[in-house]
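Accompanying notes for the structure given below.
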Amino acid sequence: MTKTRREIVRGAAVAGAALGTVGAAQAQVGPKALFAPAITTIPIVGTTDVFAVRRIYCIGRNYEAHSREMGSDPTREPPFFFQKPRDAVQNVKIGEVAEHPYPSLTKNYHHEVELVAALKSGGRNIPADQALQHVFGYTVGLDMTRRDLQQAMGNEKKPWEIGKSFDMSAPMGPLHTVEQVGHFTKGAISLAVNDKVRQKADLSWMIWSVAEQIAHLSTAFELAAGDIIYSGTPDNVGPVVKGDVLLCKIEGLPDMSIKIA
Ligand code: MN
């Protein structure tokens, strides 16, 4: 005998109930994501777990001397931020000199060494005095910059995107947890190109601390676990060419090194 539509539906419901919650969940996986992008992850020192990246925020002009070399007056400027796409991350292993491709379009490719903070939680309107409790860990990063394109766009009052937010523009070492290394409010930060020191400063010279950056960012965006923050570069940013080896140092973290290829 042919089943009515109602009987078929009722039969399916009973079968689903018999499977229990797990079976029901498996039976209703929802829409399938076509061409799903890979998640971007950063290794964590001391564990096989990895950190899944949600967003990459970068502060601009956060050291006085760098602000001046970029043509700004640091005493008059509130903090400002831009983003890189999360898949701009280039993971660099400890002890490795990672090959980093010279990008397209630029003739003035600049290094910016920076302390990077990674968040384990977030929220909106986070007070600065509670901000560091959201930090999972830290690493050394490079905010690689197509300076000619950034400046040309700035001169035309257009977005900087093409100068900052491109493939592989965010090389960084593996994360160290706060339990392992604590928080960074001071300590030497430097970058050498072919063994010649180009950038050298102290993290205490930041205009806006990591805690203040989190507080400011959280007024504009809801922060969340997986967000990472580039905390700004000292002065003496400058160009690199193919074959150059960059060595980045932050006191309390392992060195991070790339070779421009
Ligand atoms: Mn930067």
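Using only the Cα atoms of region 124-250, build the gyration tensor, take square roots of its eigenvalues as a ≥ b ≥ c, and label the shape rounded, prolate or oblate: rounded if a/c is under 1.5, else prolate if a/b is larger than b/c, else oblate. Note, shape of region 124-250 comes out oblate. Can you tell me the 0 to 90 degree angle between the C-alpha axis of helix 210-220 and the longest principal axis of the chain, rounded to 10? Tilt of helix 210-220: around 50 degrees. Share of Cα-Cα pairs in region 37-260 beyond 25 Å, in percent? It works out to 33 percent of all Cα pairs. Quick one: angle between helix 5-27 and the longest Cα principal axis of the chain, in degrees between 0 and 90, rounded to 10, please. Its long axis makes an angle of about 40 degrees. Working note: Karplus 6.51/-1.76/1.60 with θ = phi - 60° gives region 39-50 the couplings 6, 8, 10, 10, x, 10, 5, x, 8, 7, 5, 10 Hz, where Gly and Pro are set to x.
Helix-derived [θ] at 222 nm for the chain: sum -39500 (n - 2.57) over DSSP H runs of at least 4, divide by residue count, nearest 500? Let's see the in-between values first.
On the way: 7 runs with 61 residues, N = 261.
So the helix-based figure for the chain works out to -6500 deg cm²/dmol.
Each value in this text was obtained by applying a stated rule to the coordinates, not by laboratory testing. Computed from a predicted structure; not experimentally measured.
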